[in-house]
Structures are given as structure tokens and as C-alpha cells.
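The values are calculated or read from the model by the stated rules, or taken from the named source; none is laboratory data. Just so it is clear, the model here is predicted, and its values are computed rather than measured. Cβ: placed from backbone, ideal geometry, glycine included. Neighbour counts: every protein chain shown.
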Amino acid sequence: MKTLAELAPLLSTPQKIAITHHFNPDADALGASLGLFHYLNLLGHSCRVISPNTIPDFLLWMPESYSVLIYEENKQSVEAVLNESTILFSLDYNQYSRTQSLSDSLNSFKGTKVLIDHHLFPDAAFDYGASLPSKSSTCEMVYDFINANNGNGLINLDIARCLYAGVMTDTGSFKFPCTTAGVHSLVADLMGKGLQAAPVHQSIFDTFKENRLRFLGYVLSEKMIIDQETHSALIPVTKDELNRFQLKTGDTEGIVNYPLSIQDIIFSTFISERDNEIRMSFRSKGHFNVNEFARTFFNGGGHVNAAGGRSRVSLSDTIELYRKAITQTENQLKQCYKELV
Ligand SMILES: [Mn+2]
């Protein structure tokens, strides 16, 4: 894979560009896509953002989110855009399978394939790009890319708001260890260009419907299981409970983080029973590697402090597997706890 810097000559003439992100886009995936979209358009390229599936409501404020093509709703238009594009950007994911049903079309893309991502283990399919786990977010990498191309002067409020959203969410509002001095410099630079940070924060975090907050109250009060011995917490929820509170996709987002606000808890797991599978989210504080935990036990992965996984057995069997996994990692959990305090 060639570096992003080597892409510059190709971008010196107007190109048709398709920008994609992973299934179930979050603020980093969509923010990076639209931030790059606005920037490349300013350079005279003709761009389209393609999302594998629908964009959650709390991200629809992003400038031009309504122009994003949704593959699941508009397969023919997406195929047409991919056919006429010369460059394909993959943002916030590094394996085409992360786009689910879109992956076949991306795999057979004939033009130049570019990767900008911050996850581990990139696929060999990309011609140019980088996947840097040391970076807080894909939005930070898009910002770096713009700067490396001497484009900082082109960063307008639309770009600033999109990029800020991804950096803010992927750093847990600037509290995760990936919040480097560089991240704060980026924010200072964007604010220097007129970015209002508070409204971005509000549009993303203060958008709960009543049922969602009541569900949060219910699970924290009735479902959260704390194991002080291993410094871990588990929240399992059934399909019935999700239905009872009429939750929509994305409504359980963030619940996994709450147990980490308890003193001495360094590892948190959220398990939810969905239509065809059991979904799992993992979060940790300090050195406990949830990417490794998810990979080893639950066919998943992610980052050191945030990862996801899945299970094809029943909810109760999954909980049983989880308990076995905790037993196997107990010493590691205790060691990581000691290092933290
Ligand atoms: Mn990300």
C-alpha cells in the first residue's frame, strides 16, 4: 500500500470520487466521509458519499447528510456511482466485509482504492492509504490528510463541524487515552476557524427520546451485574426488553460505558439479543485489551479500550461463554486494575 502523500498527483486533476464508510455509521464514519466530501468538492472533484445502510437520526444535522446515497435503499444508483468513479475512499473501516452487503461491489471496484482508517489489521486490497491505531479517529486522519496537502485554509465551518463530531465521539468527549496533544491542537485550530463546539455536542448527545432514557434507567437499576472480584460489569438485555421499551437501532449505543464510571470497575460488557444474533460491546479503562478479548472469545475486534463482538448461540449460553472468558482473563483483569490505581 502506497502512502496517502503519494496520492497527491492523482488528485491534481478533477476526479470522480466515491467515499464509503462502514455499516451502521457512527459520528466518526459519517463525519470523516462528509468532511472529506466537502474538502474534495472545494478542490474541484466530483464526490458522492455512499453509506451501506441508513444514517441514524442524531447525525442528520451534518451538512449534506441528505445527499448521502444509502446502498440498502438505492442499490442501482450506488452501482452507477461506483462504475463511473475513478477513486474509492474507504473511511473508518479497513476490510470491505465491514460494509456488509456493499462489500462485493467494493471488492470489484476497478479504480484506485484508498484507505483512511484507525483500526488494526488492514486488508491488502488498498492501493494507497493508512490505518493508524495510534490516531484518535478517522476524522483526525482526514484533518491530517487535508493539512498534508496544504489544504488547511480550505477548512470551512461545514468541514470543521463534521470532523469535530468524529474526534469528539471517538475520544469519549476527550477523555480516552487516544486524546493526544495533537487532538487538542486540532480542536483549537477548528475553533479558531469559528467552530462552535457546544451545539455539536448537544446535537449528538442530547437527543434522547423519553423511552431511551427510561430504558437506560431500567438496565442500570435492574440488569447491571457487578463483579468486584474481577473489576468487571455485565449488562445483558433480551429481545423482549428491547421491544418493551420500543428501542430503535442505535438506542442502546453508549450504555456499555456507564459501568466504567463505578470506582474499581475497569471492564464493561453489554450484551443484547437481536433478531439473528447476539451483539456484544466491550469497553475498558487502562491497559485491559478489549480488542484481544473480543477477538479471542467473540469473533470481534476493535480498539484497546473499545470493541465489539457477536455470538450465534442463545443469550443464556452467551452469558455462560462470557463467564468462562472472564475466568480465563481474571489474572489479567486484576493485574490491569493494579496498574490503574
Ligand atoms: Mn472511528
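Only one of (1) within 13 Å of Gln95 (Cα to Cα); (2) touching an Asp or Glu at 6+ places or on another chain (Cβ under 8 Å); (3) away from the ligand (no atom under 11 Å from the Cβ) fails for His118. Which number is that? All conditions pass for His118, except number (3). In this structure, Ser136 qualifies as within 16 Å of the ligand (Cβ to nearest atom) and surrounded by 19 or more Cβ atoms within 10 Å (Cβ to Cβ). Restricting attention to segment 86-98, does a residue exist that is in contact (Cβ under 8 Å) with a residue 12 or more places away in the chain, in contact with a Lys or Arg (Cβ under 6 Å, 6 or more places away or on another chain), over 25 Å from Ala27 (Cβ atoms) and assigned by TED's automatic domain parsing to the domain that holds Gly31? Yes. In segment 152-181, how many residues are within 16 Å of the ligand (Cβ to nearest atom), closer than 30 Å to Phe288 by Cα and part of a helix (DSSP H, G or I)? Count: 8.
How do the pairs read when you match residues in segment 1-28 that are touching a residue at least 24 places away in the same chain (Cβ under 8 Å) with residues anywhere that are outside any helix (DSSP H, G or I) and of a type in the set (D, E, K, R), using Cβ under 6 Å and keeping only pairs 6 or more apart or on different chains? Filtered contacts from segment 1-28: Ala18/Arg48; His21/Asp92; His22/Asp92; Asp28/Asp92. Taking segment 266-294 as the range and being assigned to a helix (DSSP H, G or I) and within 17 Å of the chain's Cα centre (by Cα) as the test, the residues that pass are Val290, Asn291, Ala294.
Within segment 19-48, if we keep just the residues that are more than 16 Å from Arg98 (Cβ to Cβ) and under 17 Å from the mean Cα position of the chain (by Cα), the residue that is surrounded by the fewest Cβ atoms within 10 Å (Cβ to Cβ) turns out to be Ala27.
Could you please let me know if Val142 is within 14 Å of the ligand (Cβ to nearest atom), assigned by TED's automatic domain parsing to the domain that holds Leu30 and closer than 23 Å to Lys16 by Cβ? Judged against the criteria, Val142 is a match.
Here Ala130 passes the criteria (1) buried (at least 23 other Cβ atoms within 10 Å of the Cβ); (2) within 16 Å of the ligand (Cβ to nearest atom) except the one numbered (1). Against the condition under 25 Å from Leu59 (Cα atoms) and either in contact with a Ser or Thr (Cβ under 9 Å, 6 or more places away or on another chain) or in contact (Cβ under 8 Å) with a residue 12 or more places away in the chain (or both), how does Phe205 come out, does it pass? It is true that Phe205 is under 25 Å from Leu59 (Cα atoms) and either in contact with a Ser or Thr (Cβ under 9 Å, 6 or more places away or on another chain) or in contact (Cβ under 8 Å) with a residue 12 or more places away in the chain (or both). Taking segment 191-228 as the range and being among the charged types (D, E, K, R) and part of a helix (DSSP H, G or I) as the test, the residues that pass are Glu210, Arg212, Arg214, Glu222, Lys223.
For segment 22-51, give me the residue count where each residue is away from the ligand (no atom under 15 Å from the Cβ) and either under 24 Å from Lys135 (Cα atoms) or in a loop (DSSP other than H, G, I, E, B) (or both). Residues that pass the stated criteria total 9.
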